[in-house]
Amino acid sequence: MKYSKLFGKTIKEISREETSVNAKLLTRAGFIRKEVAGVYNFLPLGLRALNKIAQIVREEMNKAGGQEVLLSSLQGKENWEKTGRWESFDALFRLASKFEKEYALGPTHEEVLVPLISEFISSYRDLPIYVYQIQNKFRDEARAKAGLLRGREFLMKDLYSFHADEKNMMEYYEKMKKVYINTFNRLGLSAIETRAAGGTFSKFSHEYQVICESGEDQIIYCPGGDYAENVEIIENPEKLENKQCDLGHGSLKRVKVAEVGNIFPLKNKFSEPFNLVYKDKDGKDQFVYMGCYGIGISRVMGVIVEVHHDENGIIWPRSVAPYQAHFLTVNNSRSTINKAEKIYNNLQKSGIDILYDDREVSPGEKFADADLIGIPARLVLSEKTGDKIEWKERNKEKKELLSIEEAEKRLKEEKEL
């Protein structure tokens, strides 16, 4: 992609309303624009990063046996009344049609999927089933804040599992714990598996929290990895803070965190209102057991920026960066431009995702924009580099002179990782 043709450019000044690091940097770098409080438009750079995050999540859900669907955002009032959540779900967007019908804008999808799945489950032989989607959710938050970390419209992955008994449900629950940790590792995040209350969903749940100063939650955890719990469910958390870990990993720490995912053992909570049953081996009706597993895709994007940045801009993990390399020239001599065009075209033909800054602006402006956008590798061509190209990693100071062939080979190898 040539930067001169890119829809959405870097800007210097943004609204004072944007106070979070992720909103400031993503807006300045040309990834997002605010529509209204808690709602953002994703520009081409932002959508490329968002889609890469979603694809990693999709791959992990597929490996865990998930089948992808796309469920309706507009949901009937009747099913929400069956679960008792039409009135009790505080953040529910309720819409009135001019034809005297009422609807909900989906904040979650149990009320849609459970009645749907009942059409396909009759026997124990039909279980287990794992169904997921990646879709926009809507929540009427009292205070939308922190950019992509708490919005009124956001992209989310939610997987629902259906089982014949609690034992099978918990086996899958334990499996998904490992899947989640692996997913977040691939996304460039060190997520801490944290025990938490289940709220209206279940007695307990597990959250996946990332240490982050702008996060809304606090946890107490062992750096050795054997304990983590949300402060909200701990009685007298002050007594635990700085307590020595029972396994000798050092003192427990209290930190601010941002939640990027959660999992719940729903059991029969939604099966009973919709009479979701199957016939067991003896021909008797039994309620289906359920689990649900969420990851905030757009929230993950915001947390990545909160964690991976410096004073100059974003530092994207390679796995989710909008492009592999940011290619630029530092002078506009005809010979350099001709050589740059040839390199750009050859890299594109080789399947390398590259952003080429072809503008007639100062080198300083190009370098500043490259740092702000945060693509992992910066490639610079100039008369000084001759037949070679300068390679610099966004998160390192070291610069290397590589041949065009060496640079292309490295980019291809990194793409395969």
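Tabulated data
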| read-out | value |
| --- | --- |
| Helix runs (DSSP H) in the chain reaching 20 Å along axis by Cα, Kyte-Doolittle at least -1.0 | 44-63 |
| Within straight-line cross-link reach of Lys12, lysines at Cα separation under 20 Å, skipping those fewer than 8 residues along the same chain | Lys24, Lys34, Lys366 |
| Relative contact order of the range 323-416, pairs being alpha-carbon contacts under 8 Å that are 6 or more residues apart, as % | 31 percent |
| Phi to ³J(HN,Hα) by Karplus 6.51 cos²θ - 1.76 cosθ + 1.60 over the range 83-100, Hz, x for Gly, Pro | 8, x, 9, 4, 9, 8, 7, 4, 8, 6, 7, 10, 10, 10, 7, 5, 9, 6 |
| Approximate spin-label separation Leu70-Lys9, in nm, with each point projected 7 Å along Cα-to-Cβ | 3.4 nm |
| For the range 180-225 and the range 1-58, distance of Cα centres in Å | 25 Å |
| 24 Å Cα-Cα reach of Lys281 towards lysines, excluding residues that sit fewer than 8 places from it in its own chain | Lys167, Lys267, Lys269 |
| The range 91-173, relative contact order [Cα under 8 Å, separation at least 6], % | 28 percent |
| Compactness of the range 323-416 - radius of gyration and Dmax, Cα, Å | 12.1, 35 |
| Lys267 long-range amide H proximity, modeled H, under 5 Å | Met290 |
| For the range 302-363 versus the range 81-128, the gap between their alpha-carbon centres in whole angstrom | 45 Å |
| For P(r) over Cα pairs in 20 Å bins from 0, in percent, calculated from these coordinates, the label among (1) 27, 60, 13, 1; (2) 24, 55, 21, 0; (3) 24, 49, 24, 3, 0 | (3) |
| Interchain or long-range residues, amide H under 5 Å from Leu92's placed H | Asp140 |
| Structure-based [θ]222 nm, the chain - -39500 (n - 2.57) summed over DSSP H runs of at least 4, per residue, nearest 500 | -9000 deg cm²/dmol |
| Length added when fully stretched, Glu365-Asn168, from 0.36 nm per residue minus Cα-Cα | 65.2 nm |
| Relative contact order (%) - criterion: Cα under 8 Å, at least six apart; region: the chain | 16 percent |
| Cα centroid separation, the range 147-175 to the range 59-76 (Å) | 10 Å |
| Ranked list, fewest to most other Cβ atoms within 10 Å of each Cβ, for Phe31, Phe138 | Phe138, Phe31 |
| Sorted by Cβ neighbour density within 10 Å, fewest at the top, the residues Cys222, Cys212, Cys245 | Cys245, Cys222, Cys212 |
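Throughout, read-outs are computed from the coordinates displayed, never taken from laboratory work. Remember, predicted model here, so these are calculated numbers, not experimental data. Backbone-built Cβ (ideal geometry, glycine too); neighbour counts: all protein chains shown.
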